[in-house]
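Quick notes on the structure that follows.
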Amino acid sequence: MKRNRWLSSGALLPILLFLFSACANSPPQDSLSPAGPIARKEDALFRLTFWIAVFVFVLVEGLIIVILYRFRHRPNSPVPVQVHGSKRLEIGWTIAPAVLLGVIAIPTLVTIFAVSARPAGANVLDVRVEGHQFWWHVDYPGLGITTANEVHIPAGVPVFITLESVDVIHSFWVPRLAGTQDLRPGTTTTLNIQADQPGVYLGQCKEYCGLSHANMRFRVVAQTQADFDAWVARQRTPAAPPPQEVLAIMQRSDISCGGCHTLKRVEGLAGQVGPDLTHFGGRATFGGAMFKNDPEKLRIWLHDAPAMKPGVDMPSFVGKLSDQDLDALIAYLESLK
Ligand code: CUA
């Protein structure tokens, strides 16, 4: 008896933990608190399906309970009437689910096409996102801007995103702004997002894509139109050229920053493998939006990136960059606002 009690409380604990882990006060990646019209459209679809499912569950389980009780075995009860099939019932329970599925399917199809079609109207911002193991290349075709992991958008404006991948399948997901859309190599997919209010909306790769899948995060930074315009203007300026001693480090054959990274309009730095660094210092995060962009974190990263993020293409520079080299590189990179 005692042992049983221990067993049942042992089973209860994980269940309670599981339940409580679902409770959070305004979590940043909550698809149930939509923050824009696209997310609201998808949320409405979810709620419709949810309540239909609740209705079916209560009806079916309720009938089971009623039938179990009403037709339970009693002493001396006679053998019940033996029934073999009922045309009326069978037609009924074929048509009813078909109607319910139709009620779900029609708005679902309409929404699927609506969220990936280019919105009507002239006031649409075009953004192109390219998935890489394990970070996001972001550019703005109409504006000539390239950045990484942080998608700036003006609040209240429809944003049309074109998604591509250079390696494996990734999935772009900003839970509060829209549902997921895959990025597939060799093809192009599209997705609309829109934020009601300025704010930072966290995103996450949602398709398992390798060792650092969980470290492939990003942010959507929604701004007022004025702030966004100011950001655009800043992004369009060329990179501040590196001081001579920094350029010398970047060009060393055992470092070779330009093999992977671009600094716009700096000669010899036009690599396409890693993130564009032209305005690196202006970003709040780096490394797939995993790390706060500050000198301490950047020092660890430049020293030994694979130790911070498994599977990253950025090589380890242990034994190659001296403390003075690191100081100079960090000061320059953080100055690129
Ligand atoms: Cu990219 Cu998971």
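The values are calculated or read from the model by the stated rules, or taken from the named source; none is laboratory data. Remember, predicted model here, so these are calculated numbers, not experimental data. FYI the Cβ positions are ideal-geometry reconstructions off the backbone, even for glycines, and counts take in every protein chain you see. All accessible areas refer to the heavy atoms of the entire protein, side chains included, with ligands and DNA or RNA removed. Shrake-Rupley method; radii C 1.70, N 1.55, O 1.52, S 1.80 Å.
Structure above, values below:
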| quantity | calculated |
| --- | --- |
| P(r) of region 58-132 over all Cα-Cα pairs, binned every 10 Å from zero, in whole percent | 12, 21, 22, 14, 12, 10, 6, 2 |
| Computed accessible area, Arg176, all protein chains, 1.4 angstrom probe, square angstrom | 70 Å² |
| Heavy-atom accessible area ranking, 1.4 Å probe, most first, across Thr190, Thr180 | Thr180, Thr190 |
| Accessible area expressed per residue, the chain, with surrounding protein chains retained (probe 1.4 Å, Å²) | 58 Å² |
| Contact order normalised by residue count of the chain, Cα under 8 Å, 6+ apart, percent | 15 percent |
| Charge context of Gln133, other residues only, Cβ under 12 angstrom, K/R +1, D/E -1 | -3 |
| Å³ per residue enclosed by the Cα convex hull of the chain | 212 Å³ |
| The chain: angle of helix 225-235 to the longest principal axis, Cα-based, in degrees nearest 10 | 40 degrees |
| Rounded to 10°, Cα long-axis angle of helix 295-308 versus longest principal axis of the chain | 70 degrees |
| Anisotropy class of region 105-205 from Cα gyration tensor, a/c 1.5 cut | rounded |
| Amide proton proximity set for Phe291, modelled H, under 5 Å, gap of 5+ | Phe286 |
| Degrees separating the helix 37-70 axis from the principal Cα axis of the chain, which is the longest one | 30 degrees |
| Surface share of carbon and sulfur [accessible, 1.4 angstrom probe, percent] for the chain | 64 percent |
| Rounded to the nearest 10 Å², the accessible area of Trp173 at probe 1.4 Å | 70 Å² |
| Distance between region 189-232 and region 125-173 - C-alpha centres, whole angstrom | 8 Å |
| ³J(HN,Hα), Karplus 6.51/-1.76/1.60, whole Hz, each residue of region 190-205, x for Gly, Pro | 9, 7, 9, 9, 7, 10, 5, 10, x, x, 9, 10, 7, x, 7, 5 |
| Residues whose placed amide H lies under 5 Å from that of Val157, excluding near-sequence neighbours | Ala195 |
| Accessible surface ranking that places the most exposed of Tyr332, Tyr208 first, with a 1.4 angstrom probe | Tyr208, Tyr332 |
| Set of lysines near Lys206 by C-alpha distance (under 27 Å), chain-local residues within fewer than 8 positions excluded | Lys41, Lys292, Lys297, Lys309 |
| Accessible heavy-atom area order of Ile95, Ile52, highest first, probe of 1.4 Å | Ile95, Ile52 |
| Distant-in-sequence amide H partners of Leu336 (H built 1.01 Å from N, under 5 Å) | Gly281 |
| Area accessible to solvent at Cys260, 1.4 Å probe radius, in Å² | 50 Å² |
